[in-house]
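Reading through the structure tokens given below for one structure.
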Amino acid sequence: MNKPVKANPLSKTRALLSLEQFLPFRINHLGGRISCSLSHIYSQEFGISIPEWRILIWLNARETLTAKEICKLSNMDKAKVSRAVHRLADQDYLLRIRDEEDQRTVFLSLSEQGHQLLDKLIPRALNWESELVAGLSAQEYRDLFNIMLKLEQQLDRINACEEQPPAKS
């Protein structure tokens, strides 16, 4: 006669994980939906991809960055950033300037056309954001940002993802 098979102790743990209640899944899912929805504005109206948008916005915020810095700030991989930088440069939205001391280093910044594009695009993105958060009170909006800040600080404390490759999007 065969012995009864014991249940795998991990199966109970796995059964308790509900994606709808698992914070990393919910944040990732929400972030993906937000990114996709916002991308309709800049892709359909301005012909800009998600990686291109992220690069333009980071250059607008920081003025000058290297591709390596953009990879780290935007959590995009090197190949994706490289392709997007080439497309943006081909469309004259950004400038590439070689470092005089280290010719391997290329600094990126917005061109005049890049600034003009963002002058049109940013107000549309801000209007979209206002529509997104219209259902939140001012206090809920502040609480949301405070909670996100606390989670980021906790990630810094537990050293999560510091040496991990950027997520694919």
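The values are calculated or read from the model by the stated rules, or taken from the named source; none is laboratory data. Keep in mind it's a predicted model, so treat the numbers as computed, not measured. With ideal geometry, Cβ positions are generated from the backbone for all residues, glycine too; neighbour counts draw on all protein chains shown.
Details
- Residues of the range 136-169 satisfying the condition of being small (G, A, S) and either assigned to a helix (DSSP H, G or I) or modelled with pLDDT of 95 or more (or both): S137, A138
- Residue within the range 84-96 that is at pLDDT 95 or above, in a helix (DSSP H, G or I) and either of a type in the set (S, T, Y) or surrounded by fewer than 13 Cβ atoms within 10 Å (Cβ to Cβ) (or both) present: yes
- Residues in the range 60-71 that are without any contact (Cβ under 8 Å) to a residue 12 or more places away in the chain and surrounded by 15 or more Cβ atoms within 10 Å (Cβ to Cβ): E69 only.
- Test: residue in the range 9-28 that is on the phi > 0 side of the Ramachandran plot, at pLDDT below 90 and surrounded by fewer than 16 Cβ atoms within 10 Å (Cβ to Cβ): no
- Residue list for the range 97-135, filter: in a loop (DSSP other than H, G, I, E, B) and touching a strand residue (DSSP E or B) at 6+ places or on another chain (Cβ under 9 Å): D99, R104, T105, S111
- Filtering the range 28-59 to residues that are touching a residue at least 24 places away in the same chain (Cβ under 8 Å), farther than 23 Å from G114 by Cβ and of a type in the set (A, V, I, L, M, F, W, C) leaves only I34.
- The combined condition, being among the hydroxyl-bearing types (S, T, Y) and surrounded by 14 or more Cβ atoms within 10 Å (Cβ to Cβ), is not fulfilled by S130.
- Exclusive hit being surrounded by 15 or more Cβ atoms within 10 Å (Cβ to Cβ), out of contact with any Ser or Thr (no Cβ under 6 Å at 6 or more places or on another chain) and of a type in the set (S, T, Y), set S109, S74, S137: S74
- Residue in the range 97-107 that is at pLDDT 95 or above and polar (S, T, N, Q) present: no
- So K150, is it surrounded by 10 or more Cβ atoms within 10 Å (Cβ to Cβ), among the basic types (K, R) and without any contact (Cβ under 8 Å) to a residue 12 or more places away in the chain: yes
- Put simply, of L65, L38 the only residue that is touching a helix residue (DSSP H, G or I) at 6+ places or on another chain (Cβ under 8 Å) and either outside any helix (DSSP H, G or I) or within 24 Å of F107 (Cβ to Cβ) (or both) is L65.
- Being surrounded by 12 or more Cβ atoms within 10 Å (Cβ to Cβ), of a type outside the set (G, A, S) and more than 19 Å from Q44 (Cα to Cα) is true of L155.
- Checked against the criterion of being within 20 Å of G31 (Cβ to Cβ) and in contact with a helix residue (DSSP H, G or I) (Cβ under 8 Å, 6 or more places away or on another chain), the range 94-114 has no qualifying residue.
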